[in-house]
Amino acid sequence: MTRKGFTLIELMTVIIVLSVLAGIAVMKFIDLRNAALAAQVASDIHAVRVGVFNYFAEQETWPAESGAGAVPIGLGPLLPGMLATSFDRADYLLDYENFGSGAPQIMIGVAITTSDPRLMAKFIATLGSKTPFFVSGSRLTYLIAGPGGIM
């Protein structure tokens, strides 16, 4: 007499193999998602940089300091899409920084913060940690203009 079906050992083996494959797929998905967010933050930094330079060209001064996640007053019309209304993203936060009040001591930058350490590691790996990027704790800052001129 032949029995049809699978034994418990065979079913458990299949479940374990599928679990391992699913775990690998989830980790790869997270890595791909973080890579996409790193590309997005690079694009956001570039857009803010161009907007700040355009603001400087029009006003002959740098935009004033704003709080984290807030777009500096007057800079919004010079930025594309949703960046014109908020620097607060779901996964990271941009913070426009205006250190100082006159050339040549003035320093202008955009800081990126996130609560996800893997995402911050991806930002640093993608964007770098050497000039014009600076890492301080869980904060990555892109220096737009510094002492002595534009970076």
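Read-outs throughout are calculated quantities, based only on the coordinates presented, and are distinct from any laboratory measurement. Keep in mind the model is a prediction, meaning the values are calculated, not measured. Note that we place each Cβ from the backbone using ideal geometry, even for glycine, and neighbour counts take in every protein chain shown.
Counting only residues that are within 25 Å of Ala38 (Cβ to Cβ), part of a helix (DSSP H, G or I) and free of Cβ contacts under 8 Å to residues at least 12 places away in the same chain, how many does segment 57-91 have? Adding up the residues that qualify gives 3.
Of a type in the set (Lys, Arg), closer than 22 Å to Gly146 by Cβ and surrounded by 10 or more Cβ atoms within 10 Å (Cβ to Cβ): does that describe Arg49? Yes; evaluated as a whole, the condition is true for this residue. Of everything listed in (1) touching a helix residue (DSSP H, G or I) at 6+ places or on another chain (Cβ under 9 Å); (2) of a type in the set (Asp, Glu); (3) part of a strand (DSSP E or B), the single unmet condition for Asp44 is (3).
Just the residues that are more than 15 Å from Ala36 (Cα to Cα) and either in contact with a helix residue (DSSP H, G or I) (Cβ under 8 Å, 6 or more places away or on another chain) or hydroxyl-bearing (Ser, Thr, Tyr) (or both), please, taken from segment 115-134. It would help to see each step written out before you state the result.
First pass over segment 115-134, keeping only residues more than 15 Å from Ala36 (Cα to Cα): 115, 117, 128-134.
Passing the criteria: Ser115, Ser129, Thr131, Phe133.
Quick one: would you say Ile30 is out of contact with any strand residue (DSSP E or B) (no Cβ under 9 Å at 6 or more places or on another chain), of a type in the set (A, V, I, L, M, F, W, C), surrounded by 13 or more Cβ atoms within 10 Å (Cβ to Cβ) and part of a helix (DSSP H, G or I)? In short, yes.
Being more than 27 Å from Phe29 (Cα to Cα) and of a type in the set (Val, Ile, Thr) holds for only one residue in Ile112, Ile73, and it is Ile73.
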